[in-house]
1. Need one number: convex hull volume per residue for the chain, Cα atoms only, in Å³.
2. If you plug each phi of region 48-61 into the Karplus form 6.51 cos²θ - 1.76 cosθ + 1.60 with θ = phi - 60°, what whole-Hz ³J(HN,Hα) values come out, in order, with x for Gly and Pro?
3. Rounded to whole Hz and in sequence order, give me ³J(HN,Hα) for region 37-47 from the Karplus expression 6.51 cos²θ - 1.76 cosθ + 1.60, θ = phi - 60°, writing x for Gly and Pro.
4. Local charge sum around Ala214 (other residues, Cβ-Cβ under 15 Å, Lys/Arg +1, Asp/Glu -1)?
5. Taking each pair of distinct Cα atoms in region 108-176 once, what is the resulting Kirkwood hydrodynamic radius in Å?
6. Quick one: if the Förster radius is 25 Å, what FRET efficiency do Leu202 and Ala172 give, using the C-beta to C-beta distance and rounding to 0.05?
7. By the scheme Lys and Arg +1, Asp and Glu -1, what is the net charge of all other residues having a beta-carbon under 15 Å from that of Val60?
8. Give me the net charge of Phe149's neighbourhood, meaning all other residues with Cβ under 14 Å from the Cβ of Phe149; Lys, Arg count +1, Asp, Glu -1.
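The values are calculated or read from the model by the stated rules, or taken from the named source; none is laboratory data. What you are looking at is a predicted structure, and each value in this text was computed from that prediction instead of being measured. Virtual Cβ from ideal backbone geometry, glycine too; neighbours counted across all protein chains shown. Accessible surface areas use protein heavy atoms only, side chains included; no ligands, DNA or RNA. Shrake-Rupley method; radii C 1.70, N 1.55, O 1.52, S 1.80 Å.
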Amino acid sequence: MPNHRTGGGDPAHTLRLLWRQLGAGPRRGPRPGRSLEDIVTAAIALADAEGLDAVTMRAVAQAVGVAPMTLYTYVPGKAELLDLMLDAVYAEMPRPDRSGEPWRVRVAALARDNRELFAAHPWAAEVATGRPPLGPGLIAKYEYELRAFDDTGLDDVTRDAALTYVLDFVRAAARSAAEARSARRDSAWTDEQWWAANGPLLAEVLDERRYPTAVRVGAAAGTAQHAAYHPDQAYEFGLARVLDGLATLISPP
């Protein structure tokens, strides 16, 4: 279960902050020397560099050069700040016109855009969004991504479900890729070196007669991928199957 969730703050105040409504900025004190955008940008940079656990109100205040208590005059707490951070990175996503392209191309493109978002901001894949940040970034993202299913014949409920299906796949793939990167970063060995060291030891204890399929398939996959798991190959294979599954609704066989 993710440790970080959107929608954890006061809903009314969070919405005013997300949409930059009057009265949602500093509530008291002298004329501010920083903007809400400065604070959100600093928090995103901190999360990109060190992960979400490093994003504390004290750390963000230090990054923007204000006292911790001053930060609370801009944003009530980390729950609201997290919503602002996620909505900000959503707002930066590209939204080119793909109206003339086939639906599979459009959906593959929106999957790629989200994968690139998670590669640039790995922390975003860790955030549970069952109560999404209903800001302009998310709404624009949702509007754009729903249009990838134009002219597919899907009703509105199925269109929303299809988009969720794609995004859930991309999020899961992003988490697996992040875990693979973390393993490589934290280890002194590459995947190839790790298998070179463990392969001979495994061969000594593994009974091929008892596990013939595992031995055969594992060897074939490892040779093809140069590792037990390859994020790019797993993503491309999985996305193709996601699109094939949607095709049964859009173009029944």
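1. Expressed per residue, the convex hull around the Cα atoms of the chain is 168 Å³.
2. Those phi angles translate into 4, 7, 10, x, 5, 4, 7, 7, 10, 4, 5, 5, 5, 4 Hz.
3. 4, 4, 5, 5, 4, 5, 5, 5, 4, 5, 5
4. Neighbour charge sum, excluding Ala214 itself: +1.
5. Over region 108-176, the inverse of the mean reciprocal pair distance is 12.7 Å.
6. My answer for the efficiency is 0.35.
7. Counting the neighbours of Val60, the net charge comes to -4.
8. -3
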